[in-house]
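First the structure, in the form of structure tokens, and then the observations on it.
The values are calculated or read from the model by the stated rules, or taken from the named source; none is laboratory data. This one's a predicted model, so the numbers in the text were calculated from it and none came from an experiment. Please note: Cβ atoms are built from the backbone with ideal geometry, for glycine as well, and neighbour counts cover all protein chains shown. We work out accessible area using only protein heavy atoms, side chains counted, and drop any ligands, DNA or RNA first. Shrake-Rupley method; radii C 1.70, N 1.55, O 1.52, S 1.80 Å.
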Amino acid sequence: MTALARELSAQGAIDVREAFIKASFVPAKKRGRKIGKTKRGKGTKIMAVADRNGLPVSVCAESATPHEMTLAISTFLQMVVPDAPQNLIGDNAYDSDRLDTELRFYGIEVIAPHRRNQRNSTQDGRRLKRYRRRWKIERLFASLQNFRRLVVRYERHAENFLGMLQLAASLIPLRHL
């Protein structure tokens, strides 16, 4: 996946000045590592970061129990391109002061709409207009759902599921070569 990302960035197909982040729940049929309990049942959480064009630059699978905001840093650190995005756009689950300060250390600004219980407003309306382009990460997850092995986690070993996830994530940019 790293070699493919290097090839695509040399061609100019990957542009990480603006990146999108999202998580999705995958139900699990068996026991194993990285399977956690939630209100929806036991399962795994797929975290992904897409570039400005909607191509995956980072995917990981974690237990479904922790919140998405706590898994955002580990997903960001697994990016296959060396450049860091200037803006990271996520939904309101990523509206956190702690996440803002941690990503500012890397020179990244988080753009996320405020939660209802947020007291102080830190988002500018002009920067929040970039949130409209989140359909690109939704399209990435829709194309990941086309791979039958990723819709339901049948594998007991987390390494097998992560391998299938990375294979699917590397097949998506191959269509753009």
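Could you please state how large a percent of the accessible area of the chain is carbon and sulfur, counting protein chains only and using a 1.4 Å probe?
Solvent-exposed carbon and sulfur of the chain make up 49 percent of the total.
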Can you tell me the FRET efficiency between R6 and D100 if r is taken as the Cβ-Cβ distance and R0 is 30 Å, rounded to the nearest 0.05? 0.50
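Calculated from DSSP H runs of 4 or more alone, at -39500 (n - 2.57) each and per residue, what is the 222 nm mean residue ellipticity of the chain, nearest 500?
Value at 222 nm, helices only: -9500 deg cm²/dmol.
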Could you state the accessible area per residue of the chain in Å², with a 1.4 Å probe and every protein chain left in place? 55
Is any helix in the chain, taking whole DSSP H runs, at least 20 angstrom long along its axis by alpha carbon and on average at least -1.0 on the Kyte-Doolittle scale, and which ones? 158-174
Using Cα springs under 10 Å in a Gaussian network model of the chain, which residue among G43, G54, G163 shows the largest mean-square fluctuation? G163
Could you work out the relative contact order of the chain? I mean the mean sequence separation of Cα pairs under 8 Å and 6+ apart, divided by the number of residues, in percent. 26
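Contour minus end-to-end for A93 and R139, with contour as 0.36 nm per residue of separation and end-to-end as the Cα-Cα distance?
Numbers: separation 46, 0.36 × 46 = 16.56 nm, distance 1.89 nm.
Residue separation times 0.36 nm, minus the Cα-Cα distance, leaves 14.7 nm.
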Beta bridge orientation in the chain: antiparallel %, DSSP, nearest 5: 70
Spatially proximal lysines relative to K30 (Cα-Cα < 22 Å; intrachain offsets below 8 disregarded): K39, K42, K45
